[in-house]
Amino acid sequence: MSRKGFNRNGSQGGRVSSKTSSGNLWIYGKHSALAALANPLRTVSRVIASKNTAAELKQYLPNNVEICDDVRISAMVGKDAVHQGIAVFATELPEIDLYEADLGTLVVLLDQVTDPHNVGAILRSASAFGASAVVTTERHSPSEGGVLAKAASGALEYVPYIRGGNLAETITYLKKQGFWVAGMDAETENSVESVKDYEKLAIVMGAEGKGLRHKTHEYCDFIVKIPMDERQESLNVSNAAAIALWEASKRTKA
């Protein structure tokens, strides 16, 4: 299905990790760090790595990599960070304007999803299943951070993470660009399998525990659920997003 009589625009980007007052940030973990190093939109000023990790990743690292032990790396990026023996200090990517972004035919909208682990995992699934952006609001959403970047496993370099604006306004704009908007909620009879019938699709995921807000429900074109055993009430939001994106990847593209 498609909405007739609408046009769409174009742009790109992605965002990441532990910020400093200078606007630079630490990005850690093998996949996240290597993806940041390969991204021409970032300027990397430092690379720190353990001796073993530097040897393992030698072909991907610059000559000026600083060899540090794991304790020193943890002191730089956070004692609880799973850094895998590597971190890079890099500039943030430019802010992305929704109204100038190339939204392709599949996007994910987040309705006050605040856990950076979940947002990072959703970005990773978005990258895996061909979504062009993950869009959320400036408030009630995590900014770039090491936890989010690590959970995204490099996807912040590939999938634009767009923060800002009102979700209802975002949905209205997407509809004008020809998107159909599917909200995810267990309280419906419609299966998530139906998303494959729509050429241009925005999937809306609700907050952890609370789900979609009532106002967001009203702005969606239709609501779908993931059929599951009645003994299990729900799935984690990032797992539900992965299933929805998998179903959406089966659709006929515009």
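The values are calculated or read from the model by the stated rules, or taken from the named source; none is laboratory data. Being a predicted model, the structure only gives us computed values, none of them experimental. Ideal geometry is used to build each Cβ from the backbone, glycine not excepted, and the neighbour counts take in all protein chains shown.
Starting from residues that are aliphatic (A, V, I, L, M) and free of Cβ contacts under 8 Å to residues at least 24 places away in the same chain, keep the ones in the stretch 205-237 and report whichever is farthest from TYR173 (Cα to Cα). Per the stated criteria, the residue is MET228. Counting the residues of the stretch 196-226 that are on the phi > 0 side of the Ramachandran plot and surrounded by fewer than 17 Cβ atoms within 10 Å (Cβ to Cβ) gives 1. Note on the stretch 102-125: residues that are within 15 Å of LEU156 (Cβ to Cβ) and either at pLDDT 95 or above or surrounded by 18 or more Cβ atoms within 10 Å (Cβ to Cβ) (or both) amount to 11.
LYS175 - would you say it is closer than 21 Å to ILE96 by Cα and out of contact with any Leu (no Cβ under 8 Å at 6 or more places or on another chain)? In short, yes. Listed conditions (1) more than 22 Å from VAL119 (Cα to Cα); (2) buried (at least 16 other Cβ atoms within 10 Å of the Cβ); (3) touching a Phe, Trp or Tyr at 6+ places or on another chain (Cβ under 8 Å); (4) modelled with pLDDT under 95 are all met by ARG8, apart from (3). Here ALA149, ALA128, ALA155 are screened, and the one residue that is surrounded by fewer than 24 Cβ atoms within 10 Å (Cβ to Cβ), farther than 21 Å from THR216 by Cβ, of a type in the set (A, V, I, L, M) and assigned by TED's automatic domain parsing to the domain that holds ALA241 is ALA128. If you check HIS83, HIS31 for being in contact with a strand residue (DSSP E or B) (Cβ under 6 Å, 6 or more places away or on another chain) and closer than 22 Å to ALA121 by Cα, only one passes: HIS83.
Scanning the stretch 213-242 for residues that are over 19 Å from GLY120 (Cα atoms), in a loop (DSSP other than H, G, I, E, B) and either of a type in the set (A, V, I, L, M, F, W, C) or not assigned by TED's automatic domain parsing to the domain that holds PRO116 (or both) yields CYS220, ILE226, MET228. For the stretch 73-82, the set of residues classified as surrounded by 13 or more Cβ atoms within 10 Å (Cβ to Cβ), without any contact (Cβ under 8 Å) to a residue 60 or more places away in the chain, more than 15 Å from SER45 (Cβ to Cβ) and not polar (S, T, N, Q) consists of ILE73 only.
Is it the case that LYS175 is at pLDDT 95 or above and assigned by TED's automatic domain parsing to the domain that holds ALA121? Answer is yes for this residue. Being of a type in the set (A, V, I, L, M, F, W, C) and either assigned to a loop (DSSP other than H, G, I, E, B) or surrounded by fewer than 19 Cβ atoms within 10 Å (Cβ to Cβ) (or both) is a property that does not hold for LEU25. Here ASP229 passes the criteria (1) loosely packed, with under 13 Cβ neighbours inside 10 Å; (2) in contact with a Lys or Arg (Cβ under 9 Å, 6 or more places away or on another chain) except the one numbered (2).
When the stretch 36-72 is filtered for residues that are surrounded by 14 or more Cβ atoms within 10 Å (Cβ to Cβ) and touching a Lys or Arg at 6+ places or on another chain (Cβ under 6 Å), only ALA36 remains.
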